[in-house]
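What follows is one structure encoded as structure tokens, with my remarks underneath.
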Amino acid sequence: MGRIAQYIAQAFGILFCAVMALTIPAAAQDSGASRTVRLVVSFPPGGGVDAVARLFADKMSAALGQTVVVENRGGASGIIAGKQVASAEPDGATVLIASNSMVVAQAMNPNVGLDIVRDLKALASVAPQAIIITAPPDLPASSLQELIALAKTRRLTYGSPGAGSVPHLLGVYLFGSLAGVALEHIPFPGAAQALTNLLGKQTDLAMVTLAPAVTLVTGGKMKGIVVTTPQRSAALPQVPTAAESGYPGFSISVWTGFFVPAKTPKPIADKLEAIVLKVANEPEIKAKLTQLGFEPTTIAGAPFQSDVAAEIKRWGEVLDKAGMKGK
């Protein structure tokens, strides 16, 4: 496992260092700033949502004239962080950065204790990611169709960043509902752990957001089977889409959303929204997001809030059909 640990450390070190280089000054802003703004991240360090938070922190600090710090509050697919921010003072000092895993968690269990549309106000969606299905180089399947054929002959396991995460549901929907084969799901606390266990061949596959897997695939430590966005990723152009692999129209993305407590006054929310969108559209940030495997696109607050409501309903229907709702 020493070599495996070295591989994963190198991969995540590259991702972490790339974003930390831009965020160290955020913690070192003038102590005379009126207050600290917390970016509460719904996953542990090392994954895609955390990477976006660290890219944005320093830029937001400069725009606000205040210290901006990143605080990781992983667990329950984003519900823990979501509850924390929903109950915070609605003064603009606490901002949630989460993914649609939080939406899936609410759709799976409406009594989870957080109503995203009611309790949180959407500021913007930025940096959507594909989900990538990865495998060890020696797995005897290198395409989605070969993988489905292999799953019909033997038990296959896949790791994801947690039960109820979007990558977990990808396995249920794409393989179980569409392809008619059953894979065994192994949940992990985050993408780093899922990829580490794949490198150790403790699972056959990993389904994670693209950014944490890019250097592992380009470095030949694992192979990419398929990505789930309509177009191939600029970071891994050799990996085909699900639409190219026998499932026309198939598309699942993991967005990165910024939220504040629902009662945040409109002028404060509007100011934060404008800053998030401005940062997301800076050429330096767009280039870095593309390099890390994100799509540098944005959706403003009001339409994003509507998208979240529609997505809760859509995932609820998928979970109902799969017999997973309420679990």
Dipole moment magnitude, nearest 20 debye, segment 130-245 about Cα centre, only Lys, Arg, Asp, Glu C-beta charged:
100
What FRET efficiency would be calculated for the residue pair GLU284, GLU89, taking the C-beta separation as r and a Förster radius of 35 Å, to the nearest 0.05?
0.65
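What ranking, highest mean first, results for peptides 92-99, 289-296, 216-223, 47-54 when packing means the other Cβ atoms within 10 Å averaged over each residue?
Values: 92-99: 24.4, 289-296: 21.0, 216-223: 17.4, 47-54: 27.9.
Going by the mean number of other Cβ atoms within 10 Å, highest first, we get 47-54, 92-99, 289-296, 216-223.
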From the phi of every residue in segment 205-216, what ³J(HN,Hα) in whole Hz does the Karplus formula 6.51 cos²θ - 1.76 cosθ + 1.60 yield, where θ is phi - 60° and glycine or proline is x?
9, 10, 10, 9, 5, 5, 3, x, 9, 4, 5, 5
Out of these labelled values of Cα Rg over 2.2 N^0.38 Å, (1) 0.96; (2) 1.30; (3) 1.06, which was calculated from the coordinates shown here?
(1)
Sites ALA322 and LYS263, calculated FRET efficiency, Cβ-Cβ separation with R0 45 Å, nearest 0.05:
0.80
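Quick check on segment 130-245: of the DSSP beta bridges with both residues there, what percent are antiparallel, nearest 5%?
Details: 8 of 15 bridges.
Once the DSSP bridges in segment 130-245 are tallied, antiparallel ones form about 55 percent.
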Label model pair ALA274, ARG314: point-to-point distance (7 angstrom along the Cα→beta-carbon line) in nm is 3.1
Please give, to one decimal in nm, the separation of the simple spin-label points placed at LEU150 and SER177, each 7 Å out from Cα toward the Cβ.
2.5
Placed amide H near LEU210: partners under 5 Å, 5+ positions off or other chain:
ALA130, ILE132
Which three numbers, in whole Å and largest first, are the semi-axes of the equivalent ellipsoid of segment 187-327 derived from its Cα gyration tensor as √(5λ)?
29, 22, 16
Using only the alpha-carbon atoms, what does segment 130-245 span along each of its principal axes? Please give whole angstrom values in decreasing order.
30, 30, 27
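Only Lys, Arg, Asp and Glu count, each charged at its Cβ (+1, +1, -1, -1), so figure out the dipole size of the chain about its Cα centre, rounded to 20 debye.
So the dipole magnitude of the chain works out to roughly 360 debye.
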With Rg from the Cα atoms and Rh as the Kirkwood inverse mean 1/r over Cα pairs, segment 272-327 has an Rg/Rh of 1.18
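Given the pairs LYS121/LYS321; LYS59/LYS288; LYS201/LYS221; LYS201/LYS223; LYS59/LYS271; LYS121/LYS313, which span a C-alpha to C-alpha distance of over 22 angstrom in this model?
On the way: LYS121/LYS321 29 Å; LYS59/LYS288 13 Å; LYS201/LYS221 12 Å; LYS201/LYS223 13 Å; LYS59/LYS271 14 Å; LYS121/LYS313 18 Å.
Exceeds cut-off: LYS121/LYS321.
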Segment 54-121 - Rg (one decimal) and Dmax (whole number), Cα, Å:
13.1, 40
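FYI, it's all coordinate maths here, none of it is from the lab. The model shown is predicted, which means the values in this text are computed figures rather than measured ones. Every residue, glycine among them, receives a Cβ derived from its backbone with ideal geometry; neighbour counts consider all protein chains shown.
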